Structure formats: C-alpha cells, structure tokens
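Colleague: Structure in structure tokens, see below.
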Amino acid sequence: MFQPCFSDEKSLIARIDAYFNLIEGEYHLENKPGKEAKDLPAPTQKVWDRNPEPATLADLALFLGFNSIRAFDNYMENGKFAEALKWGHLRIEASYEKKLHAQSAAGAIFALKNMGWNERNDIKPTEQQPKTIKVEILESGPKPAESEKEVIL
C-alpha cells in the first residue's frame, strides 16, 4: 500500500509548489557579445541552464512519491489531504487549458479530454419537456376551390 511522503497538508502544498517551480527551468542572463551600442551596454539574453518542462500528472505523481497514477487518483479521491492534490491537478489542467490558444492545440485537447473535459454541454433543462403536442386545425375564410372551373372572376 502507498504511504505518502508528506505528513500534513501544508507540506504537501509546499511539495506541489516545488514541482511547479522545478518545471519552470533555470536560466541566467548573459551579455550578447558584439551587440554593444556607442554609449549603451550590451543587451542581455536568457541562457537556459535547465530547460522548462510541461506540467504532467505523471510527473507530479512521481515528484510527490506516488508509485502509479492509480495510487495518485485513489489518494485524490479518498486521501487525508485530497483537497491539496485536487488543487495540484487543477493547476495542471490550467496549464493545458492555456495551450488551447496555441496554433496546434490537439495535444492539449487530448490531455484535457483524458482529464474529464467534454466537448458537449451536458447541462440538462430544468423544466420537463412535454411528450405530446396537441394540434387543432381551425377553418378560416372561404373554402378553397377544388378546380379552376369553380373560380369566378
């Protein structure tokens, strides 16, 4: 059975924050050589020491010490600190949702569907719809002619 590596909700939230900080990557700033202006210093550029990574549920589960997605899901449903895990899960969903605005969002759509998102709007009407419709035909005006010969000009 899985034993969580966190003792309280505050430490779990700190671990989740640490995961999101880790995946942001690390960089330092360097001057661009040969780009100096007459009286201005050289512009700086970001140089990545560790590249940023996308947020994933599997990475979060591994980072927190879970041995499977199933154990992560079970703890999120029944665990002592389930609300903190749900918050971490929601942060990952938010990162995928931001990718929906990119040119190619197919991967983000796939991931969000696997997280329970649905294309259809599942809102059900509050009023019950009638099952039968009563139609009553009323006659108005003169009776239509059955042939051209009955029409008087």
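Laboratory data are not the source of any read-out in this text; all were calculated from the coordinates shown. Everything numeric in this text was worked out from a predicted model, so none of it was measured. We place every Cβ from the backbone using ideal geometry, glycine too, and count neighbours over all the protein chains shown.
Colleague: I need the phi-derived Karplus couplings for the range 17-28: 6.51 cos²θ - 1.76 cosθ + 1.60, θ = phi - 60°, integer Hz, Gly and Pro marked x.
Modeller: 4, 4, 4, 5, 5, 5, 6, 5, x, 9, 8, 9
Colleague: Also, quick follow-up: Using the beta-carbon distance between Val47 and Phe20 and R0 = 22 Å, what value does 1/(1 + (r/R0)^6) give for FRET efficiency, to the nearest 0.05?
Modeller: Computed FRET efficiency for Val47 and Phe20: 0.50.
Colleague: Excluding same-chain pairs closer than 8 in sequence, count the lysine pairs in the range 9-90 whose Cα atoms lie under 22 Å apart.
Modeller: Lysine pairs meeting the criterion: 4.
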